[in-house]
Amino acid sequence: MRTPIVAGNWKMFKTIAEAKQFAEAVKQQEEVEGVEQVVCAPFTALPALAEALQGTGIALGAQNMHFEEQGAFTGEISPLMLKELGVKYVIIGHSERRQYFHETDESVNKKTRAALKHGLRPIVCVGESLEEREAGETAAVVGKQTKAALAGADTAQLADVVIAYEPIWAIGTGKSSTAADANETIAVIRRVIAEDFGEAAASVVRIQYGGSVKPDNIASFMAEPDIDGALVGGASLTADSFRGLVLGA
Ligand code: PEP
């Protein structure tokens with residue numbers, strides 16, 4: 001049994017004060033059991049959130065990291081620095097980072113392996129563009145991204161890996177994939193993992209759908225057999241909406 005996982009990706013939203021307000025609002029809510037909850041916040045808000053989220057059942061996540069432990073990499077943050085803050089999850093290779101910050105399958109692989117080496121759980125993002133989808137290339141694109149991201153990982157580490165299937169055309173657009181289409185692509189991802197690591201390892205990897213998920217549509221995705229949760233941007237920004245996602249998961 002794979003525990004469902006709902007992760008919020010706050011992107012470049014929320015000051016420290018706003019992040020604390022979110023945590024305060026969450027503390028007024030009753031805890032929800034059976035769903036793993038993660039908030040991936042901007043680096044600046046992580047220390048305050050590490051404290052403010054204590055006792056809420058929400059784990060701390062980052063949105064990116066460098067693959068080296070330290071070095072002359074101005075502006076970057078290392079896995080050790082995230083670990084020290086109590087970060088548990090880190091988003092790797094979000095399509096916005098691939099598109100605007102030139103991340104490649106190679107850097108995604110280095111970061112994924114670095115995260116696993118340091119006991120951080122990577123949420124590895126894969127997904128096709130609209131052009132690729134219309135050309136019928138979805139399975140090939142996400143299959144290649146998945147294989148590249150996980151290349152060289154230890155089979156035993158796969159239980160710590162989360163994959164987020166996020167069709168680029170569905171992110172922040174209000175246009176989500178149908179649940180059935182998302183499930184079909186996610187099943188392809190699981191099959192590709194099984195090819196490289198075996199059925200048993202593939203069966204424990206959690207695979208989320210992401211792309212315009214909201215409290216009122218998350219249940220349809222969660223009803224699909226291969227979808228284990230959601231990575232959510234816009235609808236993760238308020239405590240009420242985040243709770244709606246968790247209750248629907
Ligand atoms: C995301 O940022 O990963 C995402 C899926 O965004 P949204 O939920 O806003 O589409």
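Taking each residue of region 128-139 that is without any contact (Cβ under 8 Å) to a residue 12 or more places away in the chain and looking for partners that are open to solvent by 60 Å² or more (accessible area, probe 1.4 Å) and part of a helix (DSSP H, G or I) with beta-carbon atoms closer than 9 Å, six or more apart or interchain, yields 132/140; 132/168; 137/131.
Selection of region 215-235 for residues being small (Gly, Ala, Ser) and farther than 23 Å from residue 205 by Cα yields 234, 235.
Conditions tested, residue by residue: (1) closer than 29 Å to residue 220 by Cα; (2) touching a helix residue (DSSP H, G or I) at 6+ places or on another chain (Cβ under 6 Å); (3) open to solvent by 10 Å² or more (accessible area, probe 1.4 Å); (4) more than 14 Å from the ligand (Cβ to nearest atom).
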{"site": "17", "(1), (2), (3), (4)": "no, no, yes, yes"}
{"site": "23", "(1), (2), (3), (4)": "yes, yes, no, yes"}
{"site": "38", "(1), (2), (3), (4)": "yes, no, no, no"}
{"site": "49", "(1), (2), (3), (4)": "no, yes, no, yes"}
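Checking each residue in region 25-36 for being exposed (fewer than 13 other Cβ atoms within 10 Å of the Cβ), of a type in the set (Asp, Glu) and within 24 Å of residue 123 (Cα to Cα) picks out 31, 33. Counting only helices (runs of 4 or more DSSP H) that fall entirely inside region 134-249 and contain at least 3 residues that are under 22 Å from residue 95 (Cα atoms) and within 15 Å of the ligand (Cβ to nearest atom), the qualifying elements are 179-197.
Considering each residue of region 170-185, count those that are open to solvent by 70 Å² or more (accessible area, probe 1.4 Å) and touching a residue at least 40 places away in the same chain (Cβ under 8 Å), and give that number. Residues that pass the stated criteria total 1. A Cβ distance below 7 Å, combined with a sequence gap of six or more or placement on separate chains, defines the contacts here; from region 205-229, residues that are over 20 Å from residue 169 (Cβ atoms) reach residues that are part of a loop (DSSP other than H, G, I, E, B) and open to solvent by 40 Å² or more (accessible area, probe 1.4 Å) in the pairs 206/2; 228/2. The set of residues in region 87-107 being open to solvent by less than 50 Å² (accessible area, probe 1.4 Å) and away from the ligand (no atom under 16 Å from the Cβ) consists of 87, 105, 107.
The values are calculated or read from the model by the stated rules, or taken from the named source; none is laboratory data. Keep in mind it's a predicted model, so treat the numbers as computed, not measured. Note that we place each Cβ from the backbone using ideal geometry, even for glycine, and neighbour counts take in every protein chain shown. Quick note on the areas: whole protein, heavy atoms, side chains included, nothing else; ligands and nucleic acids left out. Shrake-Rupley method; radii C 1.70, N 1.55, O 1.52, S 1.80 Å.
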